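See structure below.
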Amino acid sequence: MSTIQSFAPIEPTQAKVLVLGSMPGKASLRAQQYYAHPRNAFWPIWARLLGFDAAASYAQKVAHIAASGVGVWDVLAACTRTSSLDSDIVESSIVPNDFAGWFERQPQTRAVFCNGAKAFDSYRKYVIPALAPDFAALPLIRLPSTSPAHARLTLDEKFADWSVVKLYLFG
């Protein structure tokens, strides 16, 4: 079992929304890229939402979402985990990221979206109690995990659920 660290956020000039995972999986950690597993639905969903090529380079995909006002980060800065599964995170090892710092830099953030249950539960437990009231009160929306381990939903079903993000980006 080892301690793992998350990445720096994808932080646009002015974030309209913040999309949070729990902690990068092994494929992402190896590649040093968010959502690097080839079967993860994250980039195909965002490509459809924003109209870019899902086969674009990682740098191009990051540029597309950042230009649209989408921030991407993880709830956890560090934790101990034996596999890529959120269920293997050792709860007592969790260290959350600096969300007070995020909201200080990005006060115009309109909503927080969580990529799966672990990100949602961890944000509520470790982050919200430490936030200023205005930021703690932002809409917090749990979306189905884009992980290939969450195979209960099809890509089209996940896309339909994730489409709510457009209300906060373009509404």
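Laid out as a table, the results:
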| read-out | value |
| --- | --- |
| Condition met for Pro12 (at pLDDT below 95 and part of a loop (DSSP other than H, G, I, E, B)) | no |
| So Ser122, is it assigned to a helix (DSSP H, G or I), without any contact (Cβ under 8 Å) to a residue 12 or more places away in the chain and farther than 14 Å from Tyr35 by Cα | no |
| The range 2-13, residues that are over 19 Å from Ile94 (Cβ atoms) and exposed (fewer than 13 other Cβ atoms within 10 Å of the Cβ) | Thr13 |
| The listed residue being in contact with a Phe, Trp or Tyr (Cβ under 6 Å, 6 or more places away or on another chain) and either free of Cβ contacts under 8 Å to residues at least 12 places away in the same chain or surrounded by fewer than 17 Cβ atoms within 10 Å (Cβ to Cβ) (or both), out of Ala63, Ala54 | Ala54 |
| Lys166 being surrounded by 14 or more Cβ atoms within 10 Å (Cβ to Cβ), touching a residue at least 12 places away in the same chain (Cβ under 8 Å) and of a type in the set (D, E, K, R) | no |
| Residue in the range 156-163 that is without any contact (Cβ under 8 Å) to a residue 60 or more places away in the chain and assigned to a loop (DSSP other than H, G, I, E, B) present | no |
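For (1) in contact with a His (Cβ under 9 Å, 6 or more places away or on another chain); (2) closer than 17 Å to Ile4 by Cα; (3) hydrophobic (A, V, I, L, M, F, W, C); (4) at pLDDT 95 or above, each residue gets a yes or a no:
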residue: Trp43; (1), (2), (3), (4): no, no, yes, yes
residue: Gly51; (1), (2), (3), (4): yes, no, no, yes
residue: Gln60; (1), (2), (3), (4): no, no, no, yes
residue: Asp74; (1), (2), (3), (4): no, yes, no, yes
residue: Glu91; (1), (2), (3), (4): no, yes, no, no
residue: Asp98; (1), (2), (3), (4): no, yes, no, yes
residue: Ala111; (1), (2), (3), (4): no, no, yes, yes
residue: Lys118; (1), (2), (3), (4): no, yes, no, no
residue: Leu143; (1), (2), (3), (4): no, no, yes, yes
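So that you can scan it fast, the table gives a plain yes or no per residue for (1) of a type outside the set (S, T, N, Q); (2) assigned to a helix (DSSP H, G or I); (3) within 13 Å of the chain's Cα centre (by Cα):
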site: Arg30; (1), (2), (3): yes, yes, no
site: Tyr34; (1), (2), (3): yes, no, yes
site: Trp46; (1), (2), (3): yes, yes, yes
site: Ala54; (1), (2), (3): yes, no, no
site: Gln60; (1), (2), (3): no, yes, no
site: Phe103; (1), (2), (3): yes, yes, no
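The values are calculated or read from the model by the stated rules, or taken from the named source; none is laboratory data. Just so it is clear, the structure is predicted and the values come from calculations on it, not from any experiment. Methodologically, a virtual Cβ is constructed for each residue, glycine included, from the backbone with ideal geometry; neighbour enumeration extends over all protein chains shown.
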